Amino acid sequence: MNKLNTWLLKNTFWILLYLAISGLLFQFVDILNFKQDSFIKWIYLFFDFSYSDLKFFDLEVFTFKRNLEGGSYYYISYLDIVFYVLFIISVVVYKLSNYRETKVIQFCLSVISLFTILSFLYQVYVLFIFFEVKGFLGILFLLKAVFMFYVCYFYLKTWKAELEYIQSKENQLSDFKTFQLKPASKWKRLAHHIIDIFLILSIFSKYIFDFHVSTLIQDFQSLVGENIAGWIVFFVFTTTYYLIFEALFKATPAKYLTQTSVVSLEEKPVSFLNILRRTLSRKIPFEGFSFLGKIGLHDSLSKTTVAEQVKEPSKYKVFYIVFITLFVLFFLYKILVVFHFIYGF
């Protein structure tokens, strides 16, 4: 394992560059339907590590329409393409910054890490519930998922260990003892909520439309009713998301972007029980309004909060500003196309 870790550290840039570029290229392999070719299929199985599959309910504004034979067509999400373009930009910035700027790379790796966990669990679920054994291909897929998760986990943990927290003036938070770290602003907390909810819906949309999972959800709806089933499914998705990220990394993808992290309000490390309380207390009705006060409810109940990390002014913000601008413009264009198709203007 030490040899693997040494190799990962020594070749960080090239490994990340390969993951980013190959992830983008294999999106187009999928779009062009080259998987039907046996040679391309084997290349795909051995060299593709693009586990992300962002969909956002298959809404037309986030998709390309591909025509098929016989006049039929289906939609392909472009969110994965956008995601891997962002990944490539972040790797280039990482190189230009002399291997210092990692926040966007961490965002990308955290998203991929969750997909590897979900992909592994899904394959095991299909294997043991539906007995769909895929032999060597299934084993290879599981091994790749484990390896890819380890790569993401290793880099995220390594960079995390290298960070220090800003020591600022003392901050008195509610009934807790003097808190020495700088709490994240309420605007950042709001941004975390918006970005994380968008990611939750985009990540788990893949499984909502999957045949096996959708069948299970439909059976559940017939048992307890559509509204209750919908609430429970969303509860499971959000709980899974926050538990995995905050238990493993003390940060969600949105927190990586703002360079913040979950920390304890007590003089001891954040425990899994803290994270469990933090996650479940988010489900309290109107809990979000508690952040209008000094400290939010899911912070106070779990005795944790979100604090700033040490960060240096970025010289490469222009890369991300251009990227975000182009994405927003393209998104607005897609909205106009959809409205034109539906309403004729």
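Would you calculate the separation in nanometres between label points at Ile284 and Ile194, each defined as 7 Å from the Cα along the Cα-to-beta-carbon direction?
In this crude label model, Ile284 to Ile194 measures out at 2.5 nm.
How much length is gained on full extension from Trp159 to Phe147, taking 0.36 nm per residue of separation minus their Cα-Cα distance?
On the way: separation 12, 0.36 × 12 = 4.32 nm, distance 1.86 nm.
Extra length from Trp159 to Phe147 when fully extended: 2.5 nm.
Taking 2.2 N^0.38 Å as the expected size of a compact globular protein, what ratio does the Cα radius of gyration of segment 215-345 give against it, to two decimals?
Against the empirical 2.2 N^0.38 Å value, I get 1.43 for segment 215-345.
Given the whole protein assembly as supplied and a 1.4 Å probe, what does the accessible area of Thr63 come to in Å², nearest 10?
About 0 Å², ignoring ligands and nucleic acids.
Which FRET efficiency value, to the nearest 0.05, do you get for Phe28 and Glu267 by plugging their Cβ-Cβ distance into 1/(1 + (r/R0)^6) with R0 = 51 Å?
Details: r = 52 Å, r/R0 = 1.01.
Efficiency for this residue pair is about 0.50.
Around Thr63, which amide H atoms from residues at least 5 apart in sequence, or from another chain, sit under 5 Å from its own amide H, with H modelled in the peptide plane?
HN-HN under 5 Å from Thr63: Tyr78.
Report, in listed order, any pair from Lys55/Lys283; Lys55/Lys144; Lys103/Lys334; Lys10/Lys182; Lys268/Lys317; Lys95/Lys157 with a Cα-Cα distance greater than 31 Å. Provide the component values of the computation, followed by the final result.
On the way: Lys55/Lys283 25 Å; Lys55/Lys144 22 Å; Lys103/Lys334 29 Å; Lys10/Lys182 34 Å; Lys268/Lys317 35 Å; Lys95/Lys157 19 Å.
Where the Cα-Cα span goes over 31 Å, the pairs concerned are Lys10/Lys182; Lys268/Lys317.
Can you list which of the GluC sites (Glu not before Pro) found in segment 262-345 are DSSP loop residues with at most 14 other C-beta atoms within 10 Å?
Details: sites: Glu266, Glu267, Glu287, Glu308; in loops: Glu266, Glu267.
Listed in order of number, the matching sites are Glu266, Glu267.
Below 14 angstrom from the Cβ of Phe291, what's the summed charge of the other residues (Lys, Arg +1; Asp, Glu -1)?
On the way: positive: Lys186, Lys188, Arg189, Arg278, Arg282, Lys294; negative: Glu287, Asp299.
Neighbour charge sum, excluding Phe291 itself: +4.
Quick one: ranking Trp187, Trp42 by accessible area, 1.4 Å probe, largest first, what do you get?
Trp187, Trp42
Please work out the Cα center distance from segment 276-345 to segment 185-220, rounded to the nearest Å.
14 Å
What's the extension gain from Lys3 to Val92 if we count 0.36 nm per residue and subtract their Cα-Cα distance? Present the calculation step by step, with values, prior to reporting the outcome.
Details: separation 89, 0.36 × 89 = 32.04 nm, distance 2.61 nm.
So the chain would gain 29.4 nm between Lys3 and Val92.
Taking the Cα-to-Cβ direction at Phe235 and at Phe46 and moving 7 Å from each Cα, how far apart do the two end points lie in nm?
4.8 nm
What accessible area, in Å² to the nearest ten, does a 1.4 Å probe give for Lys283?
The accessible area comes out at roughly 60 Å².
The values are calculated or read from the model by the stated rules, or taken from the named source; none is laboratory data. From a predicted model like this one, the values you see are computed outputs, not experimental measurements. Virtual Cβ from ideal backbone geometry, glycine too; neighbours counted across all protein chains shown. Heads up: the accessible areas ignore ligands, DNA and RNA and are worked out on the full protein's heavy atoms, side chains in. Shrake-Rupley method; radii C 1.70, N 1.55, O 1.52, S 1.80 Å.
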